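First comes the structure, then the notes that go with it.
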Amino acid sequence: MPGAATIRRAGIVVRLRRRVGRVDSRDWEGQVGKDLRDGVQWLKAVVAVLLAALALVAYLYLDEPGQEDGLRGLALDLLPEVILVLILAPIGYYVLQRRGLGKGMDPPSDEDWSPGKLKQEIVDAVAELPAYANPLATSAPEVRRFWPSHRKVAWEDVIGNAESLDIVVVYYEQWIDDNRDELLSVFQRGGSVRLYMTDPEDVAAIEATAARFPEHDVERLREKIRGTARKFEALRRQADSYNAHLDIWLFPGVLNYAAVRADDDYVLLSVYEHKRERRIDSPAVLLDIKQSPTLKRFWDKELRCLTRESRRPDELFSEPEEEAA
């Protein structure tokens, strides 16, 4: 089956063939119009030459000794410039427009402008468009980078120099292990991490969320959430910085995206799959919120609402062994 891009390209070619095909039926009228335009241009050139000749005659008539003052003197000053413009104007038009010189172009022949040749060149150019050409492709400055998989994100570029992180996620245990050095550096710089996760004690929220993670049952998912909080706290303590701060919020609902905001500069956004298979595989996009006040207001609003609707844990999550003891 042909792809959507191929079908779209074929449609463009067909429409162009229909449209430019009408030109053939007007070849004669087009040639007459071209001849008329050429005649008008030559007429303008002849008129310019005649005016230049009249101006020269006037200059010679006025150019008498002792007549350099008043209007006669002004006319004598202006007429040479007028004559020069009238002579150079048609020459410049012919050189630059008719001959195509000065632009790295060869002089066009009448065949180059024939409707049949133009039609064929348009159709051939469209037919050679690559299949991946997409008029909807974006060059928006707000979109900094894109990764086809969350597992491919270059996290050192996203959080490597951050002083504060806002993280919205169901859990991030393995992610913390994979990016331990960068996260530890945030705390060592006296930075802060504000962490929003699904509330493991909210039965409706945790059960609805667990349905998206078929590799985990509800209890395993609860432990993943608690483990994420414990690992962040361990990094904060290891940083040994008085200013390092960790703020944990538990959201009583289903989170439909994962996001990491680094300072007030970037947001790494990835959506949750309706049903994933063994590991995360959704795409991720890095948004530059400095480029858009609207985008920044949106994320400020999101975090403000999450904070308002979430709760802090009653106490820091302890290790499973300590809970059993």
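Details
- For the range 303-317, a residue qualifies if it is touching a residue at least 12 places away in the same chain (Cβ under 8 Å) and assigned to a helix (DSSP H, G or I), and the qualifying residues are L303, L306, T307, E309.
Table: residues versus (1) more than 23 Å from I289 (Cβ to Cβ); (2) out of contact with any Gly (no Cβ under 8 Å at 6 or more places or on another chain); (3) at pLDDT 95 or above.
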residue: Y171; (1), (2), (3): yes, no, no
residue: Q174; (1), (2), (3): yes, yes, no
residue: Y196; (1), (2), (3): no, yes, yes
residue: A210; (1), (2), (3): yes, yes, no
residue: R237; (1), (2), (3): yes, yes, no
residue: Y242; (1), (2), (3): yes, no, no
residue: I248; (1), (2), (3): yes, yes, yes
residue: V254; (1), (2), (3): yes, yes, no
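Every residue, every condition in (1) of a type in the set (A, V, I, L, M); (2) modelled with pLDDT under 90; (3) under 23 Å from V260 (Cα atoms), yes or no:
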| residue | (1), (2), (3) |
| --- | --- |
| A125 | yes, yes, no |
| E128 | no, yes, no |
| Y132 | no, yes, no |
| S139 | no, yes, yes |
| A154 | yes, no, yes |
| E163 | no, no, yes |
| D181 | no, no, yes |
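- Of all residues making up the range 171-201, the number that are more than 25 Å from R222 (Cα to Cα) and either part of a loop (DSSP other than H, G, I, E, B) or β-branched (V, I, T) (or both): 4
- Flag if R220 is assigned by TED's automatic domain parsing to the domain that holds N161, closer than 18 Å to E173 by Cα and surrounded by 15 or more Cβ atoms within 10 Å (Cβ to Cβ): no
- Being more than 36 Å from the chain's Cα centre (by Cα) and not charged (D, E, K, R) is a condition met by no residue of the range 140-158.
The values are calculated or read from the model by the stated rules, or taken from the named source; none is laboratory data. If you're wondering where the values come from, they're calculated on a predicted model, not measured in any experiment. Neighbour counts run over all protein chains shown; Cβ positions are idealised from the backbone, glycine included.
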